[in-house]
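Colleague: Dropping the structure in here first, questions after.
The values are calculated or read from the model by the stated rules, or taken from the named source; none is laboratory data. This one's a predicted model, so the numbers in the text were calculated from it and none came from an experiment. Glycine gets a Cβ as well: all are built from the backbone with ideal geometry, and neighbour counts include every protein chain shown. Keep in mind that these areas ignore ligands, DNA and RNA; they rest on the heavy atoms of the full protein, side chains included. Shrake-Rupley method; radii C 1.70, N 1.55, O 1.52, S 1.80 Å.
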Amino acid sequence: MGQQAPILSDHLHSRKKTIMPAADLTQVIGRVALAGKLIAGEIARASITGGLGYSGDTNVQGEEQKKLDDWTNQVFVSLFENCEPVCSLISEEMETPRHYERSCHSRDRASYAILVDPLDGSSNTDVNGSLGTIFSVRKRAPRHGSDAKDLLGPGSQQVAAGYVLYGPATQLIYTSGAGVDMFTFDPQIAEFVLWKENIRMPPRGPYYSVNQGNITKWHPGAQNLVRHLTSRKDKTTSYSLRYCGAFVADFHRCLLEGGMYLYPGEVSADGKSKGKLRLMYECAPLGMVAEQAGGRASNGKGRTLEVTPKEIHERAPVYIGSATEVAMAEEFRAEG
Ligand code: FDP
């Protein structure tokens, strides 16, 4: 038998140079991993337990909720109820933050907020497509209240971020400022096992991922960018389209094989360009992962991690992936 790769908890205990102290990191990522295991199990069985389809409710963004959106959100609500030092949970599925007063620390130990999209790509639930969970961790200000005011800073303030991908295998990817590490869930031992350490994203890639059916709704810069990527004049304009419909799954391909995921702003009747993805718990966390792996994330005009949100559910356009393709997107965006 060869040498066994470390399991997630052993790996976390041994981490040095991360932004969060190892003890806090271990607790928070450990809880996310537990959520990932529970969610992976529920998704796998949902078609035989009646767990698919719509719940009949709408979320804070006015989108129809799937039963699994609600179920996965409840997993985070209950798992973080007793997870010192996390004292606030912000979720795509909840209008206001959930505050756990007893987990607040003010003097001896930092407290944190976790921001999540519990089920990314939920249009894929009923067709057995890839899904994800995205998370971001931010340190709370020393005298914070139960609201989220102190958390409305740029994504560069994140102290950890990552995602769980529910595909043919369940994988957990995280960063806490010391590179990006990737774990695969081994159902035989019910543990996440280290697969790749300090992943580097290729500086350019062969793929772009976008809902191209929306092309006529985008601003001209994004339309021209996609025309350029597919103009097939030479190697640098001959990209292949891959689109899963789940940000996590499409980003994961960029991380491993290079390329770019984009969700440009759609131009509304009043001439304003509005994104779909949420800045604080979708774009910023994957932006941190991208940068830690040598890639980039931009809103088309500048670095995603420098955008200061005005509210927790704010949306943003996003161009994320290999440095070459994101720089190209910014050039086209600058022209229109
Ligand atoms: P979903 O609404 O299904 O949760 O951010 C949400 C997201 O999925 C991304 O995961 C995905 O890439 C995108 O929206 C899909 O949107 P379109 O249906 O417009 O392609």
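Colleague: Dividing the Cα radius of gyration by the Kirkwood radius, what Rg/Rh value follows for region 65-210?
Modeller: Numbers: Rg = 16.7 Å, Rh = 16.9 Å.
With Rh from the inverse mean 1/r over Cα pairs, Rg/Rh is 0.99.
Colleague: Moving on to the next point. Take the alpha carbon gyration tensor of region 132-215, find the square roots of its eigenvalues, order them as a ≥ b ≥ c, and report rounded if a/c is under 1.5; if not, report prolate when a/b exceeds b/c, else oblate.
Modeller: Taking the square roots of the gyration eigenvalues as a ≥ b ≥ c, region 132-215 is oblate.
Colleague: Kirkwood Rh over alpha-carbon pairs of region 296-336, then Stokes-Einstein at 4 °C and 1.567 mPa s: what D in µm² s⁻¹, rounded to an integer?
Modeller: 122
Colleague: Next question, about the same structure. Considering only C-alpha atoms, what is the centroid distance from region 286-304 to region 36-74, in Å?
Modeller: About 29 Å separates the Cα centre of region 286-304 from the one of region 36-74.
Colleague: On average, how much area does the Cα convex hull of region 201-326 cover when viewed from any direction, in nm²? Walk me through the intermediate numbers first.
Modeller: Values: hull surface 29.3 nm².
Across all orientations, region 201-326 yields a mean hull projection of 7.3 nm².
Colleague: May I ask you to list the GluC sites (Glu not before Pro) in region 23-106 that are in a DSSP loop and have at most 16 other Cβ atoms within 10 Å of their Cβ?
Modeller: Details: sites: E42, E63, E64, E81, E92, E93, E95, E101; in loops: E63, E81, E92, E93, E95.
When the GluC sites (Glu not before Pro) of region 23-106 are filtered for loop state and at most 16 Cβ neighbours within 10 Å, E63, E81, E95 remain.
Colleague: Using a probe radius of 1.4 Å on heavy atoms only, what accessible surface per residue do you get for region 26-128? Whole Å² is fine.
Modeller: 44
Colleague: With charges only on Cβ, +1 for K and R and -1 for D and E, what is the dipole size of the chain about its Cα centre, in debye, rounded to 20? Write out the running numbers ahead of the final one.
Modeller: Working: 37 positive and 38 negative charges, 179 e Å.
Its charge dipole is roughly 860 debye.
Colleague: Give, as a single signed number, the net charge of other residues whose beta carbon lies under 14 Å from the beta carbon of G177, with Lys and Arg counted +1 and Asp and Glu -1.
Modeller: Details: positive: R15, K16, K17, R138, K139; negative: D24, D181, E291.
Here the count lands on +2.
Colleague: Same structure again: Estimate the FRET efficiency between E257 and V77 by the formula 1/(1 + (r/R0)^6), using the beta-carbon distance for r and 56 Å for R0, to the nearest 0.05.
Modeller: Values: r = 35 Å, r/R0 = 0.63.
My answer for the efficiency is 0.95.
Colleague: ³J(HN,Hα) across region 273-289 via Karplus (A = 6.51, B = -1.76, C = 1.60, θ = phi - 60°), whole Hz, x for Gly/Pro?
Modeller: Taking θ as phi minus 60°, the curve returns 9, 10, x, 9, 6, 7, 5, 7, 10, 10, 5, 5, x, 6, x, 5, 4 Hz for region 273-289.
Colleague: While we're looking at this one, here's another question. By the gyration tensor of its Cα atoms, with a ≥ b ≥ c the square roots of the eigenvalues, what is the shape of the chain: rounded for a/c under 1.5, prolate for a/b over b/c, or oblate? Don't jump to the answer; show the numbers that get you there.
Modeller: Working: a/c = 1.41, a/b = 1.32, b/c = 1.07.
Taking the square roots of the gyration eigenvalues as a ≥ b ≥ c, the chain is rounded.
Colleague: Given a 1.4 Å probe and every protein chain left where it sits, what share in percent of the accessible area of the chain is carbon and sulfur? Intermediate values should be presented prior to the final figure.
Modeller: Values: 7060 of 14610 Å².
The nonpolar share, carbon plus sulfur, comes to 48 percent.
Colleague: Please report the spacing between the Cα centers of region 120-197 and region 316-335 in Å, no decimals.
Modeller: Centre-to-centre distance over Cα atoms comes out at 23 Å.
Colleague: Another question, if that's okay. Return one number: the angle in degrees, 0 to 90 and rounded to the nearest 10, between the long axis of the Cα atoms of helix 22-49 and the longest principal axis of the Cα atoms of the chain.
Modeller: Once rounded, the angle reads 70 degrees.
Colleague: Along the positive direction of the dipole of region 6-65 (beta-carbon charges: Lys, Arg +1; Asp, Glu -1; about the Cα centre), which of Y54, G36, Q65 reaches farthest?
Modeller: Checking the options against the dipole of region 6-65, the answer is G36.
Colleague: If you don't mind, another one. Determine the shape class of region 85-147: with a ≥ b ≥ c the square roots of the Cα gyration tensor eigenvalues, call it rounded for a/c under 1.5, and otherwise prolate if a/b is greater than b/c, oblate otherwise.
Modeller: Values: a/c = 4.06, a/b = 2.77, b/c = 1.47.
In terms of gyration-tensor shape, prolate.
Colleague: How far, in nm, would the chain grow between E64 and S231 when pulled straight, counting 0.36 nm per residue and subtracting the alpha carbon separation? Show your work: numbers first, answer last.
Modeller: Numbers: separation 167, 0.36 × 167 = 60.12 nm, distance 3.71 nm.
So the chain would gain 56.4 nm between E64 and S231.
Colleague: How much of the DSSP beta bridge set in region 37-175 is antiparallel, as a percent to the nearest 5? Walk me through the numbers before you get to the answer.
Modeller: Values: 25 of 30 bridges.
The antiparallel fraction comes to roughly 85 percent.
Colleague: Going down the list K16/K67; K196/K233; K66/K272; K66/K310; K17/K37; K217/K310, which pairs span over 32 Å between their C-alpha atoms?
Modeller: Numbers: K16/K67 40 Å; K196/K233 36 Å; K66/K272 30 Å; K66/K310 27 Å; K17/K37 27 Å; K217/K310 25 Å.
With Cα atoms farther than 32 Å apart: K16/K67; K196/K233.
Colleague: Same structure, new question: Percent relative contact order of the chain, based on C-alpha pairs within less than 8 angstrom and at least six residues apart?
Modeller: On the way: 745 pairs, mean separation 52.3, N = 336.
Relative contact order comes out at 16 percent.
Colleague: Considering the dipole of region 127-195 built from charges on the beta carbon (Lys and Arg +1, Asp and Glu -1) around the Cα centre, which of G153, Q188, I173 is farthest to its positive end?
Modeller: My answer, from the dipole projection, is G153.
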